[in-house]
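Peer 1: Could you have a look at this structure, given as structure tokens, before my questions?
The numbers here are math on the coordinates, done by the rules we state, and not lab data. Worth saying up front: this structure is predicted, and the values here are computed from it rather than measured. Here the Cβ positions follow ideal geometry from the backbone for every residue, glycine too, while neighbour counts run over all protein chains shown.
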Amino acid sequence: MHPVTNIASVLKAEISRVARKEARAELESLKKASTQYRTAIAQLRRDVADLQKQLKLAEREKKAASRAGAAATDETPRRFSATRLAAHRAKLGLSAAAYGKLVGMSGATIYLWEQGKSRPNPDQLKRLAAARALSRREALEQVGE
């Protein structure tokens, strides 16, 4: 065997060994970084899922609040029932004139509404809704009976 060939093969083998060692060290650091990134990505996905749940809950609460707010500000259309009006007036124990005084109308108007011969306008419906929110004691105090 020729001495130059021997040096070349030894040099080649040494270069391969050093390259494998360097590649292994680099690969280990990449594996560690990859594991850390996967863990971070998994945590971020969990965080996103939690935030989406919170967003859905907040949207539901907002819708409920807007519905409640609309009802509180009387933006929703009110329905009118003559029999319910008569029943509420009877429940409070008020005459048509006294109930009319409570809602800012005449007794004759209340009577006509109860008979179904006329209907209240939207502003009058708001006043009727406010009267329905009163207890018997509060209604009697307001009327002065």
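Peer 1: Taking the number of other C-beta atoms within 10 Å as the exposure measure, put Tyr99, Tyr111, Tyr37 in order starting with the fewest.
Peer 2: Ascending number of Cβ neighbours within 10 Å: Tyr37, Tyr111, Tyr99.
Peer 1: Any chance you could count the Lys pairs in the chain whose alpha carbons are under 26 Å apart, treating pairs 8 or more apart or on different chains as valid?
Peer 2: 13
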